[in-house]
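Worksheet for the structure shown next.
The values are calculated or read from the model by the stated rules, or taken from the named source; none is laboratory data. Bear in mind that the values here come from a model prediction, so they are computed numbers and not experimental data. Every residue, glycine as well, gets a Cβ built from its backbone with ideal geometry; the counts of neighbours run over all protein chains shown.
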Amino acid sequence: SSSVSYAFYEGNWYELSARQANSLLFVGYRALRPLKITAGKYCGFSRNLFIS
């Protein structure tokens, strides 16, 4: 997630069209929240759970 944010900042986003910049913003905002898979509302599975 932090590498996505860094690439987002370091990229030439100012040279993109408005539509491409909007798509890039969507990806950037999505990278702020970690992805979790849940089993109903009972248990959440994250990447850290699978790594450990």
Of all residues in segment 1-22 being surrounded by 12 or more Cβ atoms within 10 Å (Cβ to Cβ) and modelled with pLDDT of 85 or more, which is farthest from the chain's Cα centre (by Cα)? LEU16
Filter result (among the aliphatic types (A, V, I, L, M) and part of a strand (DSSP E or B)) within segment 4-52: ILE37, ALA39
